[in-house]
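The values are calculated or read from the model by the stated rules, or taken from the named source; none is laboratory data. Because the structure is predicted, anything quoted here is derived from the model rather than measured. Every residue, glycine among them, receives a Cβ derived from its backbone with ideal geometry; neighbour counts consider all protein chains shown.
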2 protein chains.
Amino acid sequence: MTDNIYTIEPIGKIHSILTELAEAPMQGTEGGFEAWLEVAPKFAQGLFGIKVGDDLIVLTWLHRSQRDTLQVHPRGRQEAPLRGVFSTRSQDRPNPIGLHQVTVLEVAGQKIRVAPLEAIDGTPIVDIKPVLKHERPQF
Amino acid sequence: MTDNIYTIEPIGKIHSILTELAEAPMQGTEGGFEAWLEVAPKFAQGLFGIKVGDDLIVLTWLHRSQRDTLQVHPRGRQEAPLRGVFSTRSQDRPNPIGLHQVTVLEVAGQKIRVAPLEAIDGTPIVDIKPVLKHERPQF
């Protein structure tokens, strides 16, 4: 059922003052920082149309994750019962893709300044998408 | 800047009555269907804790996409000016990851019935995450 393997080439990288996982808040809304998205020149054409004030979803590759983890204690609390990783936002999961909703503060060529973003410096960017206004409000 | 290549092994597949891209609505909220998420046995432990009524984000691999596309006419309208794919939800993009917000209707072992979901039958599932209630409302 899972015969195919796909490859991801990151489109860019995050530049942030956050350099250690231990400093990173669990979610952007819990004290995320400003950060720069830097897109590689070969993908820069894909940014055309992004402007200040846009709400974006940034997909990252959480490159320091444990990919063989299937159950975790939510938010690292050992007293909490184990849960399947797909019912949590743990960064440890088979395909460690991070989902970050941010607002665009500045566009400077192939660099975009955004907030709030909790990912650490050097985190690879996999994709950038606009938030759709008609999407349901829970996310 | 984008030296590293990462590999994705899908965790499962979508089973849907939608079999052709031409039938698929642009977004789930535009007439998405019920579908089953089937997770491979080796990843099934990761589902523990998912229950009926949960709002989930399903990440898929849009395996029929054009990965070398960087600009598109939004929603396929040739009269609309070209836009960078990162400012659109086009399925054609360098790393074609689909984002689908669904509600759980039924949990049956390693299969989960959800709606609304516009992905076609056989679409690989990359990840499943819960929607966080405190996330900002725009998405």
Of everything in region A:66-99 that's more than 16 Å from residue B:50 (Cβ to Cβ) and in contact with a Gly (Cβ under 9 Å, 6 or more places away or on another chain), which residue is nearest to the other protein chains (Cβ to nearest Cβ)? A:69
I need the full set of residues from region B:94-122 which are within 30 Å of residue A:38 (Cα to Cα) and in contact with a Lys or Arg (Cβ under 7 Å, 6 or more places away or on another chain), in order please. B:94, B:96, B:99, B:101
Among (1) in a loop (DSSP other than H, G, I, E, B); (2) more than 12 Å from chain A (Cβ to nearest Cβ); (3) closer than 14 Å to residue B:123 by Cα, there is one condition residue B:52 misses while meeting the rest; what is its number? (3)
Only residues in region B:4-15 that are more than 7 Å from every other protein chain (Cβ to nearest Cβ) and over 11 Å from residue B:59 (Cβ atoms) count as the first member; pair them with residues that are acidic (Asp, Glu) and assigned to a strand (DSSP E or B), Cβ under 8 angstrom, at least 6 apart or cross-chain, and list the lot. B:14/B:38; B:15/B:38
From the option list B:97, B:125, single residue qualifying as closer than 25 Å to residue A:110 by Cβ, among the β-branched types (Val, Ile, Thr) and modelled with pLDDT of 95 or more is B:97
Just one of B:44, B:80, B:115, B:108 is among the hydrophobic types (A, V, I, L, M, F, W, C) and under 21 Å from residue A:6 (Cα atoms); which is it? B:44
